[in-house]
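A.B. asks: One structure follows; several queries about it will come next.
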Amino acid sequence: MRLLAWGFDLLLAAGLLWLAWQALFTPRRFSAVVNFMAFYLLMALVWVRLDAPDIALAEAAIGAGVTGALLLTALGRLPAGTSTGADPRRWQRPLQILAMAGAAMAALWLAWAAYQLPRPGLAAEVTAALDATGVSHGVTAVLLNLRAFDTFLEIVIMLAAVVLVWSLGPPLRAFAPATALPGLPALSHLLHPLFLLVPAYLLWRGTHAPGGAFPAGAVMGAGGVLLLLTDAAPWIYLRRHRLLLHLLLSSGMALFLAVALGGMLMTGTFFAIPLHLAPTLIMAVEVATGLSIALMLMAFYLLGEPGQ
Amino acid sequence: MSQFYAVLAAILCGMALIGLFQTEDLLRRILALNVLASAVFLLLVTVARSAEGIDPVPHVMVLTGIVVAVSTTAAALALVIRANEARRRREEEP
C-alpha cells in the first residue's frame, strides 16, 4: 500500500513537472494553454493527496474551469503566433540571463530550505477556539470568523479587479462558434439545475465539512460562464439592469461589512460575532459571498461593463 | 511525503520564474505567474501538515489566494486584450 502511494505521488509529480514545462516552454500558445489547464486538474489531485479537499474543490472549478475559459477567450482574441509583448532591447539581454540564473539559484535554495522546514502550525489553537466560532469545520471557522478580515479584504480585491476590467470599455461579446453546435444550448440547459444544486449542497456542507462559499461560488461562476458562452444570459447586457448588477456584485462585501460593524456595536470589537448569532450570520455571509464570487467570475468574463 | 511535495513546489517555482523571465509573450507571462502562484500554494499546504494534525490557517490562505490569483489573471488578460485591440486599430489607420 505504501509502495502504491509512493508510485502515485511520483507519477503525479512527474506529470505536474511535464505539464508545467509544456505550458511554459512550448512555442505554440494554444498547446501551452491546454497543458496549463491540465496542470490545474493534476494540481487538484495533489490537494486531495495533501488532505486539503476544500482547496481541491475550489481549484478544480476556478483553476481548470474559469481560468481556462478566460485564457481560451484571450487566445481567440489575440492574433495567432505573433508576440504581443515588448521586444527586449539588446542591453536587456544580460539582465534577462542574470534574472534566470538568479531564479534557478533561488529555486535550489528554496528546495533546500523547504526540505528542512520546521512546522510549528496553529492546528491546536484553532481546535481550541473552534467551540467559540459557531461552526464545526476548521477551514470555515478560520475563513469566516477567526480571520474574517482577510476574507473581507479578499472580496474587496476581487471587486477592485472587476472595477478595473469594467472600466476598460463596453463588453466584448463572445464570438459565435465557427461550426454549428446544436447540442451546446441543450447541454447548457440540462446542466443548469446541476450548477444550482451543487453550490447549494456545498454551501450547506460548509459549516461542518469541506465545502463552503469559495467552492460553491466557483462552481456557480463556472455555470455562469457557460451561460455567457452560449449567449443564454442576454439580460446582463441590458442598460436597465446596470444598477441591479452593481448591487449584486457588492452584496457580499456589503453584508460582510454590516456583520463586522454589527459585531462592533454588540461586543465592542470589529468582526467579533456573538456566539448565539454566529451560525446564522456565518451562513448568511457565506451565501452572500458565494453569490458575489459567482457573479464576479461572470463579470470578468464580460471583459467590459455591460449596459454602456 | 510532505518533504517530497515541498521539493516539487521549489522546482516548480524555479521553472515558473525562468519561464517568466525568458518569454516575450504576454500571455505566456500570465501563465508563468499562475504556475508560480500554484507552486507557492503547494509549499503553503505542505507546511500545513504538522505533527499535531492539519493546520487550517494555510489552507484558508491558499483558498483566498486562488481567488485573488484568478482576479489578477482576469485583470491582466483584459488589459492584454484591450492593448492588442488598440494596437490593431492603430495599425489599420493609415
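A.B. asks: Within region B:1-91, report the GluC sites (Glu not before Pro) that DSSP leaves as loop and that have at most 15 other Cβ atoms within 10 Å.
C.D. replies: Taking region B:1-91 and a limit of 15 other Cβ atoms within 10 Å, the loop GluC sites (Glu not before Pro) found are B:Glu24, B:Glu52.
A.B. asks: Taking 7 Å along the Cα-to-C-beta vector as the label spot, tell me the B:Ala83-A:Thr269 distance in nanometres, rounded to one decimal.
C.D. replies: Between B:Ala83 and A:Thr269, the simple spin-label model gives 4.5 nm.
A.B. asks: Oh, and also: Let me check I have the definition right: for region A:1-51, take the eigenvalues of the Cα gyration tensor, multiply each by 5, take square roots. What are those semi-axes in whole Å, largest first?
C.D. replies: 25, 11, 6
A.B. asks: Using a 1.4 Å probe and counting only protein heavy atoms, arrange A:His208, A:His241 so the residue with the most accessible area comes first.
C.D. replies: From most accessible down to least: A:His208, A:His241.
A.B. asks: Interface A/B, total buried accessible area with a 1.4 Å probe, nearest 100 Å²?
C.D. replies: Interface between A and B: roughly 7200 Å².
A.B. asks: A follow-up question, please. What do you reckon, how do A:Arg239, B:Arg28, B:Arg87 stack up by accessible area (1.4 Å probe), largest on top?
C.D. replies: I get A:Arg239, B:Arg87, B:Arg28, largest accessible area first.
A.B. asks: What's the average, rounded to a whole number, of partner chain beta-carbon atoms within 10 Å of each residue's beta-carbon in A:137-150?
C.D. replies: Whole-number average of other-chain Cβ neighbours for A:137-150 is 3.
A.B. asks: Gap in Å between the Cα centre of region A:278-308 and the Cα centre of region A:1-39?
C.D. replies: Value for the Cα centre distance between the two parts: 32 Å.
A.B. asks: Shifting gears a bit: For region A:126-222, just run the numbers: alpha carbon Rg, then divide by 2.2 N^0.38 Å, N being how many residues it has.
C.D. replies: After normalising by residue count via 2.2 N^0.38 Å, the value is 1.49.
A.B. asks: Which whole-percent values make up P(r) of chain A when all C-alpha to C-alpha distances are grouped in 20 Å steps starting at zero?
C.D. replies: The distribution over chain A is 25, 54, 20, 0, given as percents.
A.B. asks: Looking only at other chains, what is the average number of their beta-carbon atoms within 10 angstrom of each beta-carbon in A:18-30?
C.D. replies: Mean partner-chain Cβ count within 10 Å for A:18-30: 4.
A.B. asks: To continue, here is another question. Quick one: what do you get for region B:2-92 if you divide its Cα Rg by 2.2 N^0.38 Å?
C.D. replies: Its radius of gyration relative to the 2.2 N^0.38 Å reference: 1.39.
A.B. asks: Can you tell me the FRET efficiency between A:Ala186 and B:Glu24 if r is taken as the Cβ-Cβ distance and R0 is 45 Å, rounded to the nearest 0.05?
C.D. replies: Calculated transfer efficiency: 0.60.
A.B. asks: So, one more: Rounded to the nearest 10 Å², what accessible area does A:His276 show when all protein chains are kept and the probe is 1.4 Å?
C.D. replies: 140
A.B. asks: A further question follows. If each residue of separation counts as 0.36 nm, what is the full-extension length gain between A:Val156 and A:Thr26 once their alpha-carbon separation is subtracted?
C.D. replies: Additional length available on full extension: 43.2 nm.
A.B. asks: While we're here: Could you sort A:Leu11, A:Leu277 by their accessible area in this structure, using a 1.4 Å probe and putting the largest first?
C.D. replies: From most exposed to least exposed: A:Leu11, A:Leu277.
A.B. asks: Now a separate question. Over all residues in A:44-50, what is the mean tally of Cβ atoms on other chains that come within 10 Å of each residue's Cβ?
C.D. replies: That average works out to 4.
A.B. asks: Could I ask something else about it? Along the principal axes of its C-alpha atoms, what lengths does region A:236-308 span, in descending order and rounded to whole Å?
C.D. replies: Here the spans come out as 44, 18, 17 Å, largest first.
A.B. asks: Also: Ignoring ligands, DNA and RNA, what percent of the accessible area of chain A is carbon or sulfur (1.4 Å)?
C.D. replies: 74
A.B. asks: Could you provide, to the nearest whole Å², the per residue accessible area of the protein assembly as shown with probe 1.4 Å?
C.D. replies: Value returned for the protein assembly as shown: 47 Å² of accessible area per residue.
A.B. asks: Could you work out which residue, out of A:Ala58, A:Ala141, A:Ala99, moves most in a Gaussian network model of chain A, that is, has the largest mean-square fluctuation with Cα springs under 10 Å?
C.D. replies: Most flexible of the set in this elastic network: A:Ala99.
A.B. asks: Springs between alpha-carbon atoms under 10 Å, Gaussian network over chain A: tell me which of A:Pro94, A:Pro193, A:Pro27 tops the mean-square fluctuations.
C.D. replies: A:Pro94
A.B. asks: Could you give the semi-axes, largest first, of the ellipsoid that matches region A:125-181, computed as the square roots of 5 times the alpha carbon gyration tensor eigenvalues and rounded to whole Å?
C.D. replies: Gyration-tensor ellipsoid for region A:125-181: 41, 18, 6 Å.
A.B. asks: So for region B:51-94, what percent of the C-alpha to C-alpha distances run longer than 17 Å?
C.D. replies: So the portion of pairs separated by more than 17 Å is 58 percent.
The values are calculated or read from the model by the stated rules, or taken from the named source; none is laboratory data. Quick caveat: nothing in here was measured; it's all calculated off a predicted structure. A quick note on method: Cβ atoms are made from the backbone with ideal geometry, for glycine too, and the neighbour counts reach across all protein chains shown. For accessibility, only protein heavy atoms count, side chains too; no ligands or nucleic acids. Shrake-Rupley method; radii C 1.70, N 1.55, O 1.52, S 1.80 Å.
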